[in-house]
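Undergrad: One structure, pasted below without further comment.
The values are calculated or read from the model by the stated rules, or taken from the named source; none is laboratory data. Worth saying up front: this structure is predicted, and the values here are computed from it rather than measured. Here the Cβ positions follow ideal geometry from the backbone for every residue, glycine too, while neighbour counts run over all protein chains shown.
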Amino acid sequence: MAYVGIVLISHSPKVVEGTKEIIRQVNQDVAIELAGGTDDNEIGTSIDKIREAINHADEGSGVLLLYDIGSAKMNAEIAIEMAEGNNIKMAEAPIVEGAYVASVEAGMGKSIDEIITILEKNF
């Protein structure tokens, strides 16, 4: 079964690595890709890292992006515009809690729009 993939975007590689570690305690099936830090793994974000993560997370059921602050959202929007897929969306939810809930819902086979609705309702 193809699940909605998830991309975690943060200014810090450690934030997305830790978030993925938490998610993997309850869900091994959903694609979770990371775009943390700059291309040099410094604090910041990278459009190229986000685009690569989108490509790896896309299993055919869409890709949901969650981000931390500021320019992460702006770079995610740019990456979505540049992406080849057409079912790539951002969620407005706290990155750790939102990614956890999104991964559980994706693992239950929910669509990207259903997951976003659940996140909007809960956060």
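Undergrad: Restricting the search to the stretch 1-26, which residues are touching a helix residue (DSSP H, G or I) at 6+ places or on another chain (Cβ under 8 Å), modelled with pLDDT of 95 or more and in a loop (DSSP other than H, G, I, E, B)?
TA: Result: Tyr3, Val4, His11.
Undergrad: Hey, can you tell me all the residues within the stretch 62-80 that are at pLDDT 95 or above and either surrounded by fewer than 19 Cβ atoms within 10 Å (Cβ to Cβ) or among the aliphatic types (A, V, I, L, M) (or both)?
TA: Selection gives Val63, Leu64, Leu65, Leu66, Ala72, Lys73, Met74, Ala76, Glu77, Ile78, Ala79, Ile80.
Undergrad: Failed condition for Gln25, given (1) out of contact with any Asp or Glu (no Cβ under 9 Å at 6 or more places or on another chain); (2) under 22 Å from Lys89 (Cα atoms), with all others met?
TA: Only one criterion in (1) out of contact with any Asp or Glu (no Cβ under 9 Å at 6 or more places or on another chain); (2) under 22 Å from Lys89 (Cα atoms) is unmet by Gln25, namely (2).
Undergrad: Filtering the stretch 29-43 down to residues that are without any contact (Cβ under 8 Å) to a residue 60 or more places away in the chain and crowded, with 16+ Cβ neighbours inside 10 Å, which residue is farthest from Tyr3 (Cα to Cα)? Reasoning before the result, please.
TA: Restricting attention to the stretch 29-43, the residues satisfying the condition of being without any contact (Cβ under 8 Å) to a residue 60 or more places away in the chain are 31, 33-43.
Applying the additional criterion that residues be crowded, with 16+ Cβ neighbours inside 10 Å yields 31, 33-37.
Details: Ala31: 8, Glu33: 13, Leu34: 17, Ala35: 19, Gly36: 22, Gly37: 26 Å.
Step by step, filter the stretch 29-43, then rank; the result is Gly37.
Undergrad: I'd like the full set of residues that are surrounded by 18 or more Cβ atoms within 10 Å (Cβ to Cβ) and hydrophobic (A, V, I, L, M, F, W, C), limited to the stretch 102-117. Can you show your working first?
TA: First, pick out the residues of the stretch 102-117 that are surrounded by 18 or more Cβ atoms within 10 Å (Cβ to Cβ): 102-103, 105-106, 110, 112, 115-116.
If the condition is that a residue be surrounded by 18 or more Cβ atoms within 10 Å (Cβ to Cβ) and hydrophobic (A, V, I, L, M, F, W, C), then Ala102, Ala106, Ile112, Ile115, Ile116 are the ones that fit.
Undergrad: Further question: Looking only at the stretch 43-96, which residues are β-branched (Val, Ile, Thr) and part of a loop (DSSP other than H, G, I, E, B)?
TA: Ile43, Thr45, Ile69
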